[in-house]
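Quick note: the coordinates plus some simple rules give every number you see, no bench work behind them. Small disclaimer: the values here were computed from a predicted structure and weren't measured. Every residue, glycine as well, gets a Cβ built from its backbone with ideal geometry; the counts of neighbours run over all protein chains shown.
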Amino acid sequence: MTGSRWQKSTYSEGGSAACVELALDRTGTLHLRESVTPATVTTVSPTALAALIDRIKSEGPSGG
């Protein structure tokens, strides 16, 4: 992901060094990383990420 443009989550705290960052590549694949460990990148499709977010919203962080 060298040269990718990473974007911080809007939920990241302003002064905190720890945040979730997201990059979209030419194929439409999303890449997620924690700013504290930027070399560790998780790859996910936009559809899968949307499904995960929807499930978290519906069940809550404790799993339902």
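Once you place label points 7 Å from the Cα toward the Cβ at ALA39 and ARG26, how far apart are they in nm?
Using points 7 Å along Cα→Cβ, the separation is 2.7 nm.
For region 19-64, what does the alpha-carbon gyration tensor say about shape, rounded, prolate or oblate, given a ≥ b ≥ c as the root eigenvalues, a/c under 1.5 as rounded, and a/b over b/c as prolate?
Oblate shape, in that a/c is at least 1.5 and b/c is the bigger or equal ratio.
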